[in-house]
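*Asks:* Dropping a structure here in structure tokens format, bear with me for questions.
The values are calculated or read from the model by the stated rules, or taken from the named source; none is laboratory data. What you see is a predicted model; the values in this text were computed from it and never measured. Note: ideal-geometry Cβ built from the backbone for every residue, glycine included; neighbour counts use all protein chains shown. Please note that ligands, DNA and RNA were not included when accessible areas were found on the heavy atoms of the full protein model with its side chains. Shrake-Rupley method; radii C 1.70, N 1.55, O 1.52, S 1.80 Å.
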Amino acid sequence: MKAVIPLAGRGTRLRPHTLTTPKPLVHVAGRPVMSYILDDLIDLGVTEVIFVIGYLGDVVKEYVAREYPTLTAHYVVQDVQDGTAGAVKLAEPFADGGELLILFVDTLFDADLSLARALDPEWAGVIWAKEVEDYQRFGVIVTDEHGAMTRIVEKPTEPVSKLANIGLYYIRDTDLLFRGIDHVLAAGLASTGEYYLTDAFQYMVDHGARIRTAPVGGWYDCGKVDALLETNAHLVATSRGGISPDAVVEGTEIVEPVRVEAGARLRGGTVGPNVTIEAGAVLEDAEVRHSIVGANARLVGVRLTDSMIGAEAHLEGIEGRVNVAEYAEIVVT
Ligand code: G1P
């Protein structure tokens with residue numbers, strides 16, 4: 001089984017961080033968003049990944065080569081951002097007609113991917129899905145009494161279903177998938193100007209394939225700052241919290257949950273809840289809540305909440321909510 005990861009987008013909702021870092025490599029709870037997913041893939045025994053790159057693609061390549069040297073990585077370039085169907089189509093030459101996991105890495109999820117290994121032969125694929133209230137923002141799936149998809153509707157105005165497609169798929173019948181994608185591409189752009197992968201799944205179902213839905217426990221958005229901070233809060237409260245024994249904390253009130261990495265130095269102030277302080281960051285008399293502080297950042301006399309502070313940034317004397325990129329310098333005297 002191979003995996004396809006489309007990540008060509010510019011990540012505009014995560015600017016300014018995405019001006020220098022591709023969206024899947026922006027950190028949450030001390031690690032790039034994509035690393036959580038690549039680790040899950042490796043645990044599942046996937047050894048070959050097709051990355052559909054574009055914007056800052058070289059940064060992705062360097063990261064994967066450095067951090068996942070055992071992975072066989074293929075890269076295809078999506079020059080025009082015309083949607084998810086176009087992105088996956090580019091992976092076809094590397095798919096070799098075999099089964100594929102397709103993962104969009106701007107969210108994290110608690111999903112049992114091993115289902116892909118144990119699927120009954122009657123099924124052509126799996127779409128992981130979660131009940132939501134704000135169904136209008138998603139592709140929603142209508143199922144029959146066996147949990148098989150009958151329809152998928154992008155951004156519905158009526159609640160035809162509240163079962164949202166989370167952007168995680170296993171496709172066994174990839175011949176039919178690529179026929180569906182070709183059909184979508186040949187049909188011209190949908191009214192939104194995008195070729196939707198979901199329309200290819202509809203094609204598969206309309207041509208007799210049975211695609212089942214599968215539940216997702218948690219689903220955590222990492223595509224914009226407020227959502228990323230929520231996801232950070234979840235991770236530090238569960239798997240990623242703690243204060244490194246190699247951090248120095250002197251007279252700082254810690255409000256759990258927090259993550260304080262090695263080499264961080266905190267003196268005075270209050271840190272937490274829901275804060276990640278990355279390696280080497282220095283905080284002096286800083287009050288920081290519900291925020292991410294990048295590696296080697298230096299915060300002096302600040303009072304910040306709901307903030308995202310890039311690595312190496314230097315902030316002094318400010319109060320409120322900030323969203324600043326790496327190497328930013330703001331000193332209020
Ligand atoms: C895409 C899919 C949609 C899905 C969503 C999940 O939409 O087309 O079916 O529900 O991702 O995040 P987008 O967010 O790209 O508009």
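*Asks:* Which condition from (1) within 19 Å of GLU194 (Cα to Cα); (2) in contact (Cβ under 8 Å) with a residue 12 or more places away in the chain; (3) of a type in the set (A, V, I, L, M); (4) open to solvent by 40 Å² or more (accessible area, probe 1.4 Å) is the one that ALA91 breaks?
*Replies:* (4)
*Asks:* Could you grab the pairs with beta carbons closer than 7 Å, sequence gap of 6+ or different chains, first residue in the stretch 39-50 and in contact (Cβ under 8 Å) with a residue 24 or more places away in the chain, second one of a type in the set (S, T, N, Q)?
*Replies:* Note: pairs meeting the criteria are LEU44/SER114; THR47/THR72; GLU48/THR72.
*Asks:* Does the stretch 212-227 include one or more residues that are open to solvent by less than 40 Å² (accessible area, probe 1.4 Å), within 23 Å of VAL105 (Cβ to Cβ), more than 15 Å from the ligand (Cβ to nearest atom) and not acidic (Asp, Glu)?
*Replies:* Scanning the stretch 212-227 turns up at least one residue that is open to solvent by less than 40 Å² (accessible area, probe 1.4 Å), within 23 Å of VAL105 (Cβ to Cβ), more than 15 Å from the ligand (Cβ to nearest atom) and not acidic (Asp, Glu).
*Asks:* Follow-up question, since we're still on this one. For the stretch 180-190, which positions are within 30 Å of GLU133 (Cβ to Cβ) and away from the ligand (no atom under 11 Å from the Cβ)?
*Replies:* Within the stretch 180-190, GLY180, VAL184, LEU189 qualify.
*Asks:* Also: Mind listing whichever residues of the stretch 27-59 are more than 18 Å from GLY310 (Cβ to Cβ), in a strand (DSSP E or B) and among the aliphatic types (A, V, I, L, M)?
*Replies:* Within the stretch 27-59, VAL49, ILE50, VAL52, ILE53 qualify.
*Asks:* Across the stretch 12-23, what is the total count of residues that are open to solvent by 10 Å² or more (accessible area, probe 1.4 Å) and under 18 Å from VAL77 (Cα atoms)? Before you say what the answer is, go through the steps one by one.
*Replies:* Filtering the stretch 12-23 for residues open to solvent by 10 Å² or more (accessible area, probe 1.4 Å) gives 12-13, 15-17, 19-21, 23.
Checking which are under 18 Å from VAL77 (Cα atoms) leaves us with 21, 23.
Of the residues in the stretch 12-23, 2 are open to solvent by 10 Å² or more (accessible area, probe 1.4 Å) and under 18 Å from VAL77 (Cα atoms).
*Asks:* Applying the selection to the stretch 66-87, what residues are touching a residue at least 12 places away in the same chain (Cβ under 8 Å), assigned to a helix (DSSP H, G or I) and surrounded by fewer than 21 Cβ atoms within 10 Å (Cβ to Cβ)? First the steps, then the outcome.
*Replies:* Going residue by residue through the stretch 66-87, those that are touching a residue at least 12 places away in the same chain (Cβ under 8 Å) are 67-68, 70-79, 81-87.
If we keep only those that are assigned to a helix (DSSP H, G or I) as well, we get 67, 84-87.
Within the stretch 66-87, GLU67 is the sole residue that qualifies.
*Asks:* Of the residues in the stretch 139-153, how many are modelled with pLDDT under 95 and open to solvent by 50 Å² or more (accessible area, probe 1.4 Å)?
*Replies:* 2
*Asks:* Assigned to a helix (DSSP H, G or I) and either within 11 Å of the ligand (Cβ to nearest atom) or surrounded by 15 or more Cβ atoms within 10 Å (Cβ to Cβ) (or both), is that true of THR231?
*Replies:* Values: assigned to a helix (DSSP H, G or I): yes; either within 11 Å of the ligand (Cβ to nearest atom) or surrounded by 15 or more Cβ atoms within 10 Å (Cβ to Cβ) (or both): yes.
Yes.
*Asks:* Next question. Would you kindly identify the strands (runs of 3 or more DSSP E) lying entirely within the stretch 93-179 that contain at least 3 residues that are more than 16 Å from the ligand (Cβ to nearest atom), touching an Asp or Glu at 6+ places or on another chain (Cβ under 9 Å) and not polar (S, T, N, Q)? Please lay out each step first, then the result.
*Replies:* Values: elements: 100-103, 107-109, 125-131, 139-143, 149-154, 163-171.
Fully inside the stretch 93-179 and qualifying: nothing.
*Asks:* Continuing with the same structure: Right, ARG240: away from the ligand (no atom under 12 Å from the Cβ) and closer than 14 Å to ILE152 by Cβ or not?
*Replies:* Numbers: away from the ligand (no atom under 12 Å from the Cβ): yes; closer than 14 Å to ILE152 by Cβ: no.
No, not satisfied.
*Asks:* I'd like the full set of residues that are open to solvent by less than 30 Å² (accessible area, probe 1.4 Å) and charged (D, E, K, R), limited to the stretch 42-65.
*Replies:* Scanning the stretch 42-65 gives no hits.
*Asks:* Please work out which one of (1) away from the ligand (no atom under 15 Å from the Cβ); (2) farther than 22 Å from ILE127 by Cα; (3) among the small types (Gly, Ala, Ser); (4) open to solvent by 20 Å² or more (accessible area, probe 1.4 Å) is the condition GLY193 fails and give its number.
*Replies:* All conditions are met except number (1).
*Asks:* Is there a residue being under 27 Å from VAL293 (Cα atoms) and within 16 Å of the ligand (Cβ to nearest atom) anywhere in the stretch 78-85?
*Replies:* There is no residue in the stretch 78-85 that is under 27 Å from VAL293 (Cα atoms) and within 16 Å of the ligand (Cβ to nearest atom).
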